[in-house]
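S.K.: A single structure is presented below for examination.
Laboratory data are not the source of any read-out in this text; all were calculated from the coordinates shown. This structure is a prediction, so every number in the text was calculated from the model and none was measured. Because the Cβ atoms are built from the backbone with ideal geometry, glycine has one as well, and the counts that use them run over all protein chains shown.
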Amino acid sequence: MKRNVAYLGMYLALALICSYVESLIPFYFGIPGVKLGLTNIVVVLLLYTLGAKEAFLVSVVRIILAGFLFGNPFSILYSLSGGALSFLAMYVLKRTEKLKVVTVSVAGGVMHNTGQLIMAALVVENYHILYYIPVLLTAGFITGFFIGILSQEIILRIGNRI
Amino acid sequence: MNRRFGKTDFIVLAVVFAVLVFAVIFTAFKRKQGEFVVISLDGEVYREVPLEKDQEIEIKKEGITINVLDIREGKADMRKASCPDKLCVRQKPVSKSGESIVCLPNKVVVEVKGEAKGDFDSIAR
Ligand SMILES: [Zn+2]
């Protein structure tokens, strides 16, 4: 665990950088505050190298810190529901051991945006914004796909050393 | 190939992607120039305004203007807002049925509804 603390710190820093980059990318699909989900790369890497507990911990701490640094209370709320749903989907799929990193990451990306959208609909008490589901889920798919390929390469190359 | 991409992965990804792309294309085709906007505040309908007529709408809460919506050439655009993030102001104007502008901090939703008939579409452009 002692060794892990240093790694967790590094991952957290990496996740915060991703959050910052993400906050600079305009991504408006009718719902302000919805994020692309680039930080999922850190969750995927952690899930496959250190473990589920560590992945969850870094994910939650990252969301709260990033919310205070680059966001607002709403972005914390969105990110939390997106992050939780995404983590759950990836955790369950990984445990089946039937799918590769890419697919697990895509599921994470899609569920990340689903979670954000559900929270947005609850916050504004208007379910018509669910109209943006197809576009948002496709965006989540594409983000998750590229994150998955990147993570896969990282895990295959240096995964055993982390 | 094997370590990166299994057969199951390929099938799952291909099916999900096909469904999503189909849904995107389907909704894109369904998009028609809207007829009016429904403005809601705190989850309740505040006002309905036709897109036909150019006008400026002040959205008020307890007598104070919180958002200003501009309707011009068949499009609705959030011109001003009292919210801290101003994301609603930065959003592109909406005109197609089903599109919306959301101001989360003020809990304002502007949603395009209905379908404009006949030559209104050409007027809008
Ligand atoms: Zn606003």
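S.K.: Report, as an integer, the average count of C-beta atoms from other chains found within 10 Å of each Cβ along A:67-75.
M.R.: Numbers: counts 0, 0, 0, 0, 1, 6, 2, 4, 2.
Partner Cβ neighbours, averaged per residue: 2.
S.K.: Net charge around residue A:79, counting only other residues with Cβ within less than 15 Å of its Cβ (Lys, Arg = +1; Asp, Glu = -1)? Intermediate values should be presented prior to the final figure.
M.R.: Working: positive: A:35, A:62; negative: A:22, B:85.
Net charge in that neighbourhood comes out at 0.
S.K.: Now for a different question. What is the mean number of Cβ atoms from other protein chains located within 10 Å of the Cβ atom of each residue in peptide B:93-100, rounded to a whole number?
M.R.: 3
S.K.: Also: Computed over the Cα atoms of the range A:65-117, what is the convex hull's projected area averaged over all directions, in nm²?
M.R.: Dividing the Cα hull surface by four gives the mean projection, 3.7 nm².
S.K.: Could you give the angle, 0 to 90 degrees to the nearest 10, between helix B:7-30's Cα long axis and the longest principal axis of the Cα atoms of chain B?
M.R.: Tilt of helix B:7-30: around 30 degrees.
S.K.: So what is the 222 nm mean residue ellipticity for chain A from helices alone, if each DSSP H run of at least 4 adds -39500 (n - 2.57) and you divide by all residues, rounding to the nearest 500 deg cm²/dmol?
M.R.: -27000 deg cm²/dmol
S.K.: By count of other Cβ within 10 Å, fewest leading, how are B:32, B:53, A:98 ordered?
M.R.: Ascending number of Cβ neighbours within 10 Å: B:53, A:98, B:32.
S.K.: Sticking with this one: Cut-off is 10 Å between beta-carbons; in what order do B:64, B:101 appear when sorted fewest neighbours first?
M.R.: Starting with the residue having the fewest Cβ neighbours, the order is B:64, B:101.
S.K.: Let me ask you something else. P(r) of the protein assembly as shown in 5 Å steps, Cα pairs, percent per bin?
M.R.: P(r) over the protein assembly as shown, rounded to whole percents: 1, 6, 12, 15, 15, 14, 12, 9, 7, 5, 3, 2, 0, 0, 0.
S.K.: I would also like to ask the following. Contour minus end-to-end for residue A:17 and residue A:68, with contour as 0.36 nm per residue of separation and end-to-end as the Cα-Cα distance?
M.R.: Details: separation 51, 0.36 × 51 = 18.36 nm, distance 1.39 nm.
That pair, residue A:17 and residue A:68, stretches by 17.0 nm at full extension.
S.K.: When the Cα centres of the range A:32-98 and the range B:61-117 are compared, how far apart do they sit, in Å?
M.R.: 30 Å
S.K.: Restricting things to Cα coordinates, could you compute the convex hull volume per residue of the range B:36-113 in Å³?
M.R.: Spelled out: Cα convex hull of the range B:36-113, divided by residues, is 77 Å³.
S.K.: Which is the longest stretch in chain A that no exposed loop site breaks, taking sites as GluC sites (Glu not before Pro) with a DSSP loop state and at most 16 other Cβ atoms within 10 Å?
M.R.: The reported range is A:1-96.
S.K.: Can you compute the modelled spin-label distance between residue A:153 and residue B:65, with each label point 7 Å from Cα toward Cβ, in nm?
M.R.: 5.3 nm
S.K.: Taking beta carbons within 10 Å but only from partner chains, what does the mean come to for residues B:8-14?
M.R.: Numbers: counts 5, 9, 3, 1, 8, 10, 0.
Per residue, the number of nearby Cβ atoms from other chains is 5 on average.
S.K.: Pull the list of chain B cysteines that no other Cys approaches to under 4.7 Å, Cβ to Cβ.
M.R.: B:83
S.K.: Assigning unit charges at the beta carbon (Lys, Arg +1; Asp, Glu -1) and nothing else, what dipole magnitude in debye, to the nearest 20, does chain B show about its Cα centre?
M.R.: I would put it at about 680 debye.
S.K.: What percentages, rounded to whole numbers, describe P(r) for chain A computed over all alpha carbon pairs with 5 Å bin width beginning at zero?
M.R.: Bin by bin from 0 Å, the calculated values are 1, 10, 19, 24, 20, 14, 7, 3, 1, 0.
S.K.: Hey, another quick one. Based solely on its DSSP helices, what 222 nm [θ] is calculated for chain B when runs of n ≥ 4 H residues each add -39,500 (n - 2.57) and the sum is averaged over all residues, nearest 500 deg cm²/dmol? Write out the running numbers ahead of the final one.
M.R.: Details: 3 runs with 33 residues, N = 125.
For chain B, the value works out to -8000 deg cm²/dmol.
S.K.: In what order do A:90, A:10 fall by count of nearby beta-carbon atoms within 10 Å, going from fewest to most?
M.R.: Fewest-to-most Cβ neighbours within 10 Å comes out as A:10, A:90.
S.K.: With Kirkwood's inverse mean 1/r over C-alpha pairs for Rh, give me the Rg to Rh ratio of the range B:47-92, two decimals please.
M.R.: 0.98
S.K.: Of B:83, B:41, B:98, which is farthest towards the positive pole of the range B:36-113's charge dipole, taken about the Cα centre with +1 and -1 on the beta-carbons of Lys, Arg and Asp, Glu respectively?
M.R.: Result: B:83.
S.K.: Moving on. Return the single residue from B:23, B:81, B:14 with maximal mean-square fluctuation; model: Gaussian network over chain B, springs between Cα atoms under 10 Å.
M.R.: B:14
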